[in-house]
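The structure appears right after this line, and notes come after that.
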């Protein structure tokens, strides 16, 4: 087995190459690694790059630099499981931090999920998403249809994309109000008589290398269509914990967000009390928020093929329109 | 508004309950074990048994024992409905139960996918800890399309289901003797016993503990699923007397 220290550097170099949109050279890689707290010089990077080339993980493009091979991409997603435990939560934190939307001025960006589907399905997609959103089981009825490649979003051939607001928008708003909100669980939530019932299953964001929402989506355990039609069924929902002293301030933030059309928070729990069956730490209270992609789940239930990257990127909220 | 008193139960606490209730004694080959139970269509039984035999004879199961429950038959409060057959394998948590009964404070930690290269386990590539989920991790991982158990059987390389527990290093001798009793009783699915204070298949272990990796009892079910046959699995579903299990060779 390889020395874990070297292994870690190799993976970190691969991550830098992966995140670059064009071939990247040793010097630029070394600079980026220094930014990330790794004390490593250009020469050492070259040495590690040769190891990566030998293993078939990277490919050299003359002087332009290197890109990852398919094998390299796969290695990156398989290696260093210990680091990836926290991966899901780091991604949420990053998106919450990048959220700059201000409900009062209507300026700034919100985190979005981007889903791809066949052009022919556009009408059905708009119908179902609009229905789900207006029933209050999504974060916002505002979406953006993406018909050609844009900066940050590239479309698979023959497909179009739809951006829907992700529930992490609330984490962002709460965070910007100085509230230390913690994403605790993703789950399956039972709706009874069109009212919040209880959580049926939960997966914590911190104990997994796979996004809980992605897990529940691929298990196909939702019945969003039934919720829409009969008021009974299962939807995706998240649960967050907040320190008790921030209770009033958090309610204010949520209310302001609702005025700007960002909705989907169920009535909050009491301090120190379980929230719809989900555990809450002492000194905190829980809030649960509907999943931003319930509309997508509803579409999947109708049999339409749609692929989603949860918490994909951020988008100017103003550029999204109500459907 | 809220259901008063309703609290959701996480997998870790269900496991502790089952471990406590396990009474299997590897020396006597007697007592209750924990069963993973799947429901399949009756018409698929021959195919499924064929797959089970292939997977089990390649060593990708906890034991070579299975339990078949025909339509109309009952096991505890469960009756198999018409047109269906139940098929069960020994759950690896049975091993934790045996260790516990020997006085070893063992802690089942996570279920995951282990990458195998040329017959040798290399590392965990995806994991879910038991404390963080209400759905069994192996059930989840089976449904993510990230296992390649059949490929592993064909080529010797692939990704299989496994789980990891931690035990204090002070109990090392006792652990080894228990595991060797289990091996004699046909529990051949022990994949890796780590050194104290050392990562096991890339997963860090608590201080002064060692990690034990066991093959997931649901690997045969994962292959059935990879072959596109409908199968509905509940891992760690119930306890059953070991005497009711049969070796797969005696069935096919």
note = Only unsatisfied item for residue B:210, checking (1) assigned to a strand (DSSP E or B); (2) over 22 Å from residue B:119 (Cα atoms); (3) within 14 Å of chain A (Cβ to nearest Cβ), is (3)
Enumeration of residues in the stretch A:69-81 that are surrounded by 17 or more Cβ atoms within 10 Å (Cβ to Cβ) and more than 14 Å from every other protein chain (Cβ to nearest Cβ) = A:72
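Criterion first (within 21 Å of residue A:82 (Cα to Cα) and more than 8 Å from chain B (Cβ to nearest Cβ)) does residue A:184 satisfy it? Reasoning before the result, please.
On the way: within 21 Å of residue A:82 (Cα to Cα): yes; more than 8 Å from chain B (Cβ to nearest Cβ): yes.
It is true that residue A:184 is within 21 Å of residue A:82 (Cα to Cα) and more than 8 Å from chain B (Cβ to nearest Cβ).
Results for (1) in contact with a strand residue (DSSP E or B) (Cβ under 8 Å, 6 or more places away or on another chain); (2) at pLDDT below 95; (3) surrounded by fewer than 24 Cβ atoms within 10 Å (Cβ to Cβ), shown as yes or no for each residue.
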| site | (1), (2), (3) |
| --- | --- |
| B:103 | no, yes, yes |
| B:119 | no, yes, yes |
| B:122 | yes, yes, yes |
| B:127 | yes, yes, no |
| B:137 | yes, yes, no |
query = Which residue out of B:22, B:11 is within 14 Å of chain A (Cβ to nearest Cβ), buried (at least 18 other Cβ atoms within 10 Å of the Cβ) and either touching a strand residue (DSSP E or B) at 6+ places or on another chain (Cβ under 7 Å) or at pLDDT below 95 (or both)?
reply = B:11
note = If you go through A:66, A:91, A:84, the only one that is within 30 Å of residue A:175 (Cα to Cα), more than 14 Å from chain B (Cβ to nearest Cβ), in contact (Cβ under 8 Å) with a residue 40 or more places away in the chain and surrounded by 15 or more Cβ atoms within 10 Å (Cβ to Cβ) is A:91
message = Checking the condition surrounded by fewer than 21 Cβ atoms within 10 Å (Cβ to Cβ) and under 16 Å from residue B:169 (Cβ atoms), which residue from B:192, B:244, B:226 passes?
response = B:192
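Looking for whichever is assigned to a loop (DSSP other than H, G, I, E, B) and within 24 Å of the chain's Cα centre (by Cα) here; the options are A:39, A:21. Which one fits? Break it down stepwise before answering.
Values: A:39 fails: within 24 Å of the chain's Cα centre (by Cα).
Result: A:21 is the single residue among A:39, A:21 that is assigned to a loop (DSSP other than H, G, I, E, B) and within 24 Å of the chain's Cα centre (by Cα).
Counting only residues that are in contact (Cβ under 8 Å) with a residue 60 or more places away in the chain and closer than 30 Å to residue A:104 by Cβ, give me the helices (runs of 4 or more DSSP H) lying completely in the stretch A:180-277 with at least 3 of them. Working first, answer last.
Working: elements: A:212-219, A:224-230, A:247-259.
So the answer is A:247-259.
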request  = Look through the stretch B:163-203, keep the residues that are part of a loop (DSSP other than H, G, I, E, B) and more than 21 Å from the chain's Cα centre (by Cα), and return whichever of them is farthest from residue B:58 (Cα to Cα).
outcome  = B:197
query = Does residue B:147 meet the test of being surrounded by fewer than 19 Cβ atoms within 10 Å (Cβ to Cβ) and either more than 12 Å from chain A (Cβ to nearest Cβ) or within 15 Å of the chain's Cα centre (by Cα) (or both)?
reply = no
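Only one of A:195, A:259, A:255 is within 9 Å of chain B (Cβ to nearest Cβ), surrounded by fewer than 16 Cβ atoms within 10 Å (Cβ to Cβ) and out of contact with any strand residue (DSSP E or B) (no Cβ under 7 Å at 6 or more places or on another chain). Can you tell me which?
Selected residue: A:195, the only one of A:195, A:259, A:255 that is within 9 Å of chain B (Cβ to nearest Cβ), surrounded by fewer than 16 Cβ atoms within 10 Å (Cβ to Cβ) and out of contact with any strand residue (DSSP E or B) (no Cβ under 7 Å at 6 or more places or on another chain).
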request  = Looking only at the stretch B:51-67, decide whether some residue is more than 21 Å from residue B:225 (Cβ to Cβ), away from chain A (no Cβ under 14 Å) and either free of Cβ contacts under 8 Å to residues at least 60 places away in the same chain or part of a helix (DSSP H, G or I) (or both).
outcome  = no
key: Scope the stretch A:108-127; condition over 19 Å from residue A:155 (Cα atoms) and touching a residue at least 60 places away in the same chain (Cβ under 8 Å); matching residues   = A:108, A:109, A:110, A:124
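The values are calculated or read from the model by the stated rules, or taken from the named source; none is laboratory data. Fair warning: this is a prediction, and the values are worked out from it, not measured in the lab. A quick note on method: Cβ atoms are made from the backbone with ideal geometry, for glycine too, and the neighbour counts reach across all protein chains shown.
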